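Notes for the one structure printed next.
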Amino acid sequence: MSKSLFESNNKYLLASWLVSLKYIKFLFKILALSVKNIRFVSGHELELEVFYKDIYPLLYFFKFHSLAQFNCLVDLVAYDSLKQPFRYVLVYNLLSIKFNFRIRIITKIKEFESVLSSISLFNCANWLEREV
């Protein structure tokens, strides 16, 4: 009995992996000009590396598009990479409660550049951006 349960779990994982691959292809077609790199990390988390000028339109897309619905900004992290051409790195962690899917959006910023605020999209960003 446990063997059939294991096989059914494998079928489910394979099906969800194929759906996720289709989702990546869909995202890459739509967001091709804004996205530098797209990959899966730790299971079903999607990680996008994007240009810093496109961060606000991408956050808008991921919040309001019917196939995304990432309504929850879980975390906003910034760290400093000394002696790098793009010194600062911003990481937005989003959660789609409807689809039970997480996405990590990474952007790199030079020293004297700025990014548009995401407070108008996510109310919790008010607190998170204060710390960044």
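Kindly establish whether K63 is among the basic types (K, R) and in a helix (DSSP H, G or I).
Numbers: among the basic types (K, R): yes; in a helix (DSSP H, G or I): yes.
Yes; evaluated as a whole, the condition is true for this residue.
Yes or no: segment 108-126 includes at least one residue that is within 17 Å of V35 (Cβ to Cβ) and in contact with a Leu (Cβ under 7 Å, 6 or more places away or on another chain).
Let us first name the residues in segment 108-126 that are within 17 Å of V35 (Cβ to Cβ), namely 108-109, 115.
Narrowing the set further to residues that are in contact with a Leu (Cβ under 7 Å, 6 or more places away or on another chain) leaves 109, 115.
Checked segment 108-126: at least one residue is within 17 Å of V35 (Cβ to Cβ) and in contact with a Leu (Cβ under 7 Å, 6 or more places away or on another chain).
So for segment 70-88 (the condition being assigned to a strand (DSSP E or B), more than 10 Å from the chain's Cα centre (by Cα), closer than 18 Å to I38 by Cβ and free of Cβ contacts under 8 Å to residues at least 24 places away in the same chain), does at least one residue qualify?
Looking through segment 70-88, none of the residues is assigned to a strand (DSSP E or B), more than 10 Å from the chain's Cα centre (by Cα), closer than 18 Å to I38 by Cβ and free of Cβ contacts under 8 Å to residues at least 24 places away in the same chain.
Step by step: first the residues of segment 110-126, then only those that are out of contact with any helix residue (DSSP H, G or I) (no Cβ under 8 Å at 6 or more places or on another chain) and of a type in the set (A, V, I, L, M, F, W, C), then the one that is surrounded by the most Cβ atoms within 10 Å (Cβ to Cβ). Which residue is that? Explain how you work it out, then say what you get.
We begin by selecting, within segment 110-126, every residue out of contact with any helix residue (DSSP H, G or I) (no Cβ under 8 Å at 6 or more places or on another chain); these are 110-112, 114, 120, 123-126.
Pick out the ones that are also of a type in the set (A, V, I, L, M, F, W, C) and you get 112, 124-125.
Values: F112: 6, C124: 14, A125: 18.
Filtering segment 110-126 for residues that are out of contact with any helix residue (DSSP H, G or I) (no Cβ under 8 Å at 6 or more places or on another chain) and of a type in the set (A, V, I, L, M, F, W, C), the one surrounded by the most Cβ atoms within 10 Å (Cβ to Cβ) comes out as A125.
Condition first: surrounded by fewer than 12 Cβ atoms within 10 Å (Cβ to Cβ) and at pLDDT 90 or above. Now tell me which residues in segment 68-109 satisfy that.
Y79, D80
Report whether or not K53 is in a helix (DSSP H, G or I) and basic (K, R). It would help to see each step written out before you state the result.
Values: in a helix (DSSP H, G or I): yes; basic (K, R): yes.
When the stated conditions are applied, K53 passes them.
Can you list residue pairs whose Cβ atoms sit under 8 Å apart, with the first residue in segment 27-40 being surrounded by 14 or more Cβ atoms within 10 Å (Cβ to Cβ) and the second being in a strand (DSSP E or B) and among the charged types (D, E, K, R)? Count only pairs 6 or more apart in sequence or on different chains.
Every condition considered, the pairs that remain are V35/E49; I38/E47; I38/E49.
Mind listing whichever residues of segment 92-128 are of a type in the set (S, T, Y) and part of a loop (DSSP other than H, G, I, E, B)? Talk me through it step by step, then tell me what you get.
Of the residues in segment 92-128, the ones of a type in the set (S, T, Y) are 92, 96, 107, 114, 117-118, 120.
Listed by number, the residues that qualify are S114, S117, S118, S120.
Looking at segment 29-45, which of its residues are at pLDDT 75 or above and either over 18 Å from K108 (Cβ atoms) or of a type in the set (S, T, Y) (or both)?
Quick first cut of segment 29-45, residues at pLDDT 75 or above only: 29-41, 45.
Within segment 29-45, K29, I30, A32, S34, F40, E45 meet the criteria.
Can you give me the number of residues within segment 116-127 that are in contact with a Ser or Thr (Cβ under 7 Å, 6 or more places away or on another chain) and either β-branched (V, I, T) or on the phi > 0 side of the Ramachandran plot (or both)? So that I can check it myself, show each step before the final result.
Looking only at segment 116-127, we keep the residues that are in contact with a Ser or Thr (Cβ under 7 Å, 6 or more places away or on another chain), and these are 125.
Remaining after also requiring either β-branched (V, I, T) or on the phi > 0 side of the Ramachandran plot (or both): none.
The number of residues fulfilling the criteria is 0.
When you scan segment 52-67, how many residues do you find that are without any contact (Cβ under 8 Å) to a residue 60 or more places away in the chain, surrounded by 14 or more Cβ atoms within 10 Å (Cβ to Cβ) and under 22 Å from F86 (Cα atoms)?
2
The values are calculated or read from the model by the stated rules, or taken from the named source; none is laboratory data. Because the structure is a prediction, the values reported are computed rather than measured. Counting neighbours? That spans all protein chains shown, and the Cβs are built from the backbone with ideal geometry, glycine included.
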